[in-house]
């Protein structure tokens with residue numbers, strides 16, 4: 001059972017060849033602008049992908065005219081196409097329109113001398129209401145062991161280690177693939193229970209370098225899956241400095257989507273990398289780790305993020321705090337007590 005997210009290829013190589021050259025030039029200049037204001041390579045790639053798909057549709061349905069001549073009815077037709085022909089989610093439609101709006105703002109702010117009468121009209125057409133595309137997967141305490149043990153039976157030690165890394169650190173998919181083997185040494189253990197990256201790594205954030213943070217891994221959750229993968233790496237003569245790799249070296253993060261498909265079949269529920277980010281916060285909160293410690297562990301700017309990622313139902317915890325004598329005295333736990 002794979003994650004139920006619809007994907008549609010909007011870009012077409014043959015159509016792109018005939019796209020208005022002025023629109024291609026606008027896209028190139030827009031990319032130069034994004035580079036000049038230090039947008040990340042991933043962000044620029046996403047803008048380019050979204051806009052190339054739009055321009056393919058635009059050339060076929062709007063007489064291949066220049067983007068600066070776009071009309072509200074064009075935006076309406078495009079949104080109708082996305083919603084009713086491609087059946088895209090409201091979130092993806094909003095993102096595609098956001099790329100068009102950002103290009104429009106670039107023209108207004110930077111190319112106003114060439115196009116003094118141009119206005120950003122993209123968001124005049126109201127976007128579809130946000131809707132839940134899939135039910136969020138909530139992982140139970142025993143799911144990680146069941147998943148990793150199932151992968152080990154298949155000798156998929158790297159995949160088991162990947163999910164253990166996510167569950168022990170709360171990392172995003174892209175961050176996990178930046179982790180190096182030398183993180184997991186005795187000198188990097190703190191509080192007797194946690195690996196800490198000796199150097200800060202790039203996490204999600206504005207700019208090419210993102211937000212630089214140290215990341216932490218709860219050893220009791222990560223072992224023994226880390227040891228099994230490190231041993232298999234030696235057997236396969238994998239020498240890459242990155243934890244997740246093959247004989248040829250570093251592998252790309254998108255392979256994790258395939259690993260999640262395998263995980264979904266083992267657990268018989270939709271599994272995606274981000275669900276483990278929720279599961280760790282939920283696990284910590286369930287074990288009474290203070291919210292400020294959870295915030296610091298994840299590198300969040302606001303303690304409000306703890307509530308966002310905590311999937312515990314308050315009512316399920318009533319018995320921990322209330323008894324036949326009223327309110328119980330509950331001792332908060334630290335991470336090394338988990």
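Values in this text are rule-based calculations from the coordinates and carry no lab data. All values reported here derive from a predicted model rather than from experimental measurement. Glycine gets a Cβ as well: all are built from the backbone with ideal geometry, and neighbour counts include every protein chain shown.
Give me Rg/Rg_expected for segment 46-203, where Rg uses Cα atoms only and Rg_expected = 2.2 N^0.38 Å with N residues.
My calculation over the Cα atoms of segment 46-203 gives 1.56.
Between the helical axis of 21-36 and the dominant principal axis of the chain, each derived from Cα atoms, what acute angle in degrees is found, rounded to the nearest 10?
So the inclination is approximately 40 degrees.
Would you mind computing, in nm to one decimal, how far apart the modelled labels at residue 305 and residue 32 are, each placed 7 Å from Cα along Cα→Cβ?
Reported label-point gap for residue 305 and residue 32 is 3.6 nm.
Which part of segment 159-188 falls in the paramagnetic zone of residue 219, meaning amide N under 15 Å from the point 7 Å along Cα-to-beta-carbon?
Counting backbone N atoms under 15 Å from the label point, the list is 183-188.
Under a plain spin-label model, where a point goes 7 Å from the Cα along Cα-to-Cβ, how far apart in nm are residue 153 and residue 105?
For residue 153 paired with residue 105, the spin-label model returns 5.1 nm.
Please compute one quarter of the surface area of the Cα convex hull for segment 13-124 and express it in square nanometres.
7.0 nm²
Any idea what angle helix 225-235 forms with the longest principal axis of the chain, computed on alpha-carbon atoms, 0 to 90 degrees, nearest 10?
80 degrees
Sorted by packing (mean other beta-carbon atoms within 10 Å per residue), highest first, where do 189-195, 285-291, 236-242 land?
Averaged packing, sorted descending, gives the order 285-291, 189-195, 236-242.
Over the Cα atoms of the chain, compute the convex hull volume and normalise it per residue, giving Å³.
Looking at the chain, the number lands at 179 Å³ per residue.
Quick one: order 171, 76, 305 by neighbouring beta-carbon count within 10 Å, fewest to most.
76, 305, 171
Calculate the FRET efficiency for residue 241 and residue 212 from the Cβ-Cβ distance with a Förster distance of 25 Å, rounded to the nearest 0.05.
That gives a FRET efficiency of 0.85.
Could I have the simple spin-label model distance between residue 253 and residue 72, label points 7 Å from Cα toward Cβ, reported in nm to one decimal?
Calculated label separation equals 3.9 nm.
At a Förster distance of 41 Å, what's the computed FRET efficiency of residue 265 paired with residue 84, Cβ-Cβ distance as r, to 0.05?
Efficiency, rounded to the nearest 0.05: 0.80.
Quote the relative contact order of segment 230-317 in percent (integer), defining contacts as alpha-carbon pairs under 8 Å separated by 6+ residues.
Result for segment 230-317 is 18 percent.
Translational diffusion coefficient, Stokes-Einstein: compute it for segment 64-154 using the Kirkwood radius over C-alpha pairs as Rh, at 4 °C and 1.567 mPa s, and state it as an integer in µm² s⁻¹.
79 µm²/s
Quote the relative contact order of the chain in percent (integer), defining contacts as alpha-carbon pairs under 8 Å separated by 6+ residues.
In percent, rounded to a whole number, it is 18.
What full-extension length gain, to one decimal in nm, is calculated for residue 130 and residue 98 as 0.36 nm per residue of separation minus the Cα-Cα distance?
In short, 10.1 nm is gained.
Zone of residue 25 (label point 7 Å along Cα→Cβ, backbone N under 19 Å): which residues in segment 67-107?
Backbone N within reach: 67-70, 103-107.
To the nearest 10 degrees, how steep is helix 143-153 against the longest Cα principal axis of the chain, on a 0 to 90 scale?
90 degrees
What FRET efficiency comes out for the pair residue 118/residue 204, r = Cβ-Cβ distance, R0 = 51 Å, nearest 0.05?
After rounding to 0.05, the efficiency reads 0.95.
Taking only the alpha-carbon atoms of segment 155-231, what semi-axes of the equivalent ellipsoid follow from 5 times the gyration tensor eigenvalues under a square root, in whole Å, largest first?
21, 15, 10
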